[in-house]
Amino acid sequence: MPTFVYMTRCDGCGHCVDICPSDIMHIDTTLRRAYNIEPNMCWECYSCVKACPHHAIDVRGYADFAPLGHSVRVIRDEEKGVIAWRIKSRNGETDLNLLAPITTKPWGKEIPQLADVAAPSKEMRDSQLLYNEPKYVRMDDGDLHTLESNGLKMKAGVYY
Amino acid sequence: MAYKTIVEDNIDILVAGAGLGGTGAAWEARYWGQDKKIVIAEKANIDRSGAVAQGLYAINCYMGTRFGENNPEDHVRYARMDLMGMVREDLLFDMARHVDSAVHQFEEWGMPIMRNPKTGSYLREGRWQIMIHGESYKPMVAEAAKKSADKVYNRICVTHLLMDDSKENRVAGAVGFNVRTGDYHVFKSKTVIVGAGGASNMFKPRSVGEGAGRVWYAPWSSGSAYGLMIQAGAKMTQMENRIVLARFKDGYGPVGAYFLHLKTYTQNCNGEEYESKWFPALTEMVGKEYLDTEGQHLSHKPIPTCLRNHAFISEVNAGRGPIHMVTMEAFQDPHLEEIGWHNFLGMTVGQAVLWAATDVNPKYENPELTTSEPYVMGSHATGCGAWCSGPEDLSPEEYFWGYNRMTTVEGLFGAGDAVGGTPHAFSSGSFTEGRLAAKAACKYIDDGKAAGIRVSDEQIARRKAEIYKPMEHYKIYRNEIVAGSVNPNYINPRQGLDRLQKMMDEYCGGVTVNYMTNDKLLHIGLKKMKVMEEDLEKIAAENIHELLRAWELKHRHLTAEAVFHHTLFRKETRWPGYYYRGDAMKLDDENWHVLTVSRRDPKTGEYTMEKAPLYHIVEEK
């Protein structure tokens, strides 16, 4: 679908509403459960499917070209750092279980707080370098590439 | 209307739209401005927003200088070749010399980047692409942005930039509304970095109904990068350079890994190779410099994306469609088969859903490909966007006005899709451009360039009235009719979008006219666009969600108008396979070896067009 929501599994927690990049998962005011209000603006990005704590959201391929009777389900686990998929085709011949890592390190821990690192010197400010460069560019002692270092010369601009 | 006005004052750096470009900007800004106030305003939730919301299976821009693979100038040559010469080489070189440092950071943060077991270097998909398990790419860079930002405002649809009332052509922040509460948000800021996106859903899609959501670029990419900057009077460049993608049919699943890593290839309905037979005639059209099929083996030049599209389109028009991707060989290897599926799950789940629904097993059948409707953006194999200053050590006078990635509006910077002339930046390059813009924005403030900014209450009140007008309009005219969506006094956002898409399609070279347009068609189209502008004043929004769609439509409309003007201006067919000017079917280097630059006067809405020179900084090899 576009996404759709199973009536008996949804408890109206709103995680999908909070995450949907397209602003199309809304809570039905009568039923107090989520649903897709605008299927033709759904990218099948699975953000809401992954975010739903009750696995209440699923996807049914776009009606204008996808026949019924298929399934692509997913469980994303930040703690374990993996995502697990299961693909079942309409005729049942394809039934794949696929697992992939989503991170190699504990979630969000390895990102430094740049407010606390040593402030850039004036020399660094006046250079072309970004944070932690040139080290991060080359992982050796080499400097950033410039026209001069790479033997390049500016030629006159052309309108021809 | 009872919506509150919420003012966030004294911001130094406002990031408007936090996809890969915006998150890079917010993250890096903290280093150069440790005591500065950094605020993000994002239409969705930065954990899953922008084009990378569902993840990526490859980083398509990585030099590998560290592994001795490529230098920045190699990438400039590649992008220049692919875009038929029309790139900003200073900006490209600058992005390319920094991009690896972004990727190395990602790996340190925990991004699973695949390694070549033999060499220890990153696993290459192609010369520029490395393979990753990037399902969590966006949440990861969002974490970084959150670490650096003072405040993140999710669910704010930024509609306009604020302009300084004391100095002409200087930015002063932005305004928008919260798509949940409806509240009016005012961000007063010394600088703004536009990280908003390019435009999907501007040309009529091939799909009908629900499938309109399965566009190649995200449906929430509403051209706001361009809409915001054009409204503010920033100069734009290369807006004619829309992109058409050859992709798996209907699902628009990516083909890069298939071609490059799985070594699949295409053939026509008779099982024949078809590309090369179109090349002699194509060489006639574009000239030997751009397609030298005889020398191709010696020069190792890749064939530009648009020209491969041209061969595809021509073969289908000759009655030998569909074009198939030959997967049956590669998929016999279980490892490659798994990669083929992972590739979709990592970045275009919808394609896996479609193959499951249609029982496509690429091991036993070769799936169909198609060419998509056009898209307007600036970070894939195309370079639409704002005319920005380059860095001082690389840029000639015409390309340099003090601050890297600053547009022609003072204090207004861009990153990712927002910056023109920098194709092939992709995710990592967009993040890098954000970092570059952030450093420059801090310098701009430290140099005292943002002193004395004044935003009048009148401007704030005027924008507020403008923002909510579609809801007011609805309220006034809704009860003239019994029920339904047909009203003589308004159209709703969906109706408006349908009209825009039909107009772009038929007059500006969409898919139903085989990407063809000409001077006459463009003039008719522009006339209709002006009338549509009047109707956009009468657009009606029943609720806040529709108000969001109304403003997305207005941004798409502004983008579309620029595309029309640029397409009209460049009287040649520079990119056969992206679009054709039927009245000028040849590439014309004598008159058009230039970048096109436009400006829309914010007061009158009039467009002026000019040619800017091309500087070839990097020599041919």
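For the stretch A:1-93, what relative contact order do you get, as a whole percent, if you take Cα pairs closer than 8 Å and at least 6 residues apart?
Relative CO of the stretch A:1-93 lands at 28 percent.
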Once the dipole of the stretch B:97-181 is set up from charges on Cβ (+1 Lys and Arg, -1 Asp and Glu), the residue from the list B:140, B:120, B:101 lying farthest towards its positive end is B:120
Determine ³J(HN,Hα), in whole Hz, for all residues of the stretch A:78-86 in sequence, where each value follows from phi through the Karplus function 6.51 cos²θ - 1.76 cosθ + 1.60 and θ = phi - 60°; x replaces Gly and Pro.
5, 5, 7, x, 9, 10, 10, 10, 9
Taking every pair of Cα atoms in the stretch B:198-301, average 1/r, invert it to obtain the Kirkwood radius, and report Rg/Rh to two decimals.
1.05
Need one number: nm distance between label points at residue A:64 and residue B:9, each 7 Å from Cα along Cα→Cβ, rounded to one decimal.
4.9
Cα radius of gyration and Dmax for the stretch B:500-607 (Å)
15.5, 53
Peptide A:48-56, shielding by other chains (average Cβ, 10 Å cutoff):
1
Full extension from residue B:480 to residue B:451: what is 0.36 nm times the residue separation minus their Cα-Cα distance, to one decimal in nm?
5.4 nm
Could you size up the charge dipole of the stretch B:464-591 around its Cα centre, putting +1 on the beta carbon of Lys and Arg and -1 on that of Asp and Glu, and report it in debye to the nearest 20?
140
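Of the beta bridges DSSP finds with both residues in the protein assembly as shown, what % are antiparallel, to the nearest 5?
Antiparallel: roughly 70 percent of the beta bridges in the protein assembly as shown.
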Cβ neighbours within 10 Å from other chains - mean over A:121-132:
4
Could you give the length gained by full extension between residue B:335 and residue B:289, i.e. 0.36 nm per residue of separation minus their alpha carbon distance, to one decimal place?
12.6 nm
Debye sum, Cα scatterers, chain A, no solvent: what log₁₀ I/I(0) at q = 0.11 1/Å?
-0.72
For chain B, calculated [θ]222 nm from helices alone, where every DSSP H run of n ≥ 4 adds -39500 (n - 2.57):
-11500 deg cm²/dmol
Helix B:457-477 versus the longest principal axis of chain B: what angle, 0 to 90°, nearest 10, using Cα atoms?
80
Mean separation of Cα contacts under 8 Å (at least 6 apart) over the residue count of chain B, i.e. the relative contact order in percent, is 21
Placed amide H near residue B:15: partners under 5 Å, 5+ positions off or other chain:
B:39, B:40, B:41, B:193
For chain B, take the longest principal axis of its alpha carbons; what is the angle in degrees between that and the long axis of helix B:334-347, to the nearest 10 within 0 to 90?
20
Short version: what are the Cα gyration tensor semi-axes of chain B, square root of 5 times each eigenvalue, largest first, in whole Å?
36, 28, 25
Rg over Rh, two decimals, the protein assembly as shown (C-alpha only, Kirkwood Rh)
0.94
Which of the GluC sites (Glu not before Pro) across the stretch B:569-614 are loop residues per DSSP, with 15 or fewer other Cβ within 10 Å?
B:606
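To the nearest 0.05, how large is the calculated FRET efficiency for residue A:37 and residue B:67 if R₀ is 56 Å and r is the Cβ-Cβ distance?
0.70
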Which whole number gives the average count of other chain Cβ atoms within 10 Å of the Cβ atoms across peptide A:70-76?
4
Multiply the residue gap between residue B:259 and residue B:543 by 0.36 nm, knock off their C-alpha separation, and tell me the result in nm, one decimal place.
97.7 nm
Taking the convex hull of the alpha-carbon atoms of the stretch B:1-130 and averaging its shadow over every direction gives an area in square nanometres of 11.6
For residue A:102, enumerate residues with amide H under 5 Å from its amide H, sequence gap 5+ or separate chain, H modeled in the peptide plane.
A:82, A:83
Applying the Karplus parametrisation 6.51 cos²θ - 1.76 cosθ + 1.60 with θ = phi - 60° to the phi angles of the stretch B:133-141, what ³J(HN,Hα) value in whole Hz is obtained for each residue in order, glycine and proline being reported as x?
9, x, 4, 9, 3, 5, x, 5, 5
Would you work out which of B:614, B:591, B:573 lies farthest towards the positive end of the dipole of the stretch B:515-621? Charges go on Cβ: Lys and Arg +1, Asp and Glu -1.
B:573
With 25 Å as the limit, write out which pairs from A:50/B:363; B:167/B:469; B:118/B:263; B:249/B:502; B:147/B:167 have Cα-Cα distances beyond it, or answer none.
A:50/B:363; B:167/B:469; B:147/B:167
Farthest towards the positive end of the dipole of the stretch B:337-441, among B:366, B:381, B:429 and with Cβ unit charges of +1 on Lys and Arg and -1 on Asp and Glu, lies the Cα of B:429
With label points set 7 Å from each Cα along the Cα-to-Cβ direction at residue A:86 and residue B:524, the distance between them in nm comes to 5.5
How big is the shadow of the Cα convex hull of the stretch B:246-371, averaged over all directions, in nm²?
8.1
About its Cα centre, the protein assembly as shown carries a charge dipole, from +1 on Lys and Arg Cβ atoms and -1 on Asp and Glu Cβ atoms, whose size in debye to the nearest 20 is 1280
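Coordinate-derived values only; no laboratory data. All values derive from a computational prediction rather than experimental measurement. Note that we place each Cβ from the backbone using ideal geometry, even for glycine, and neighbour counts take in every protein chain shown.
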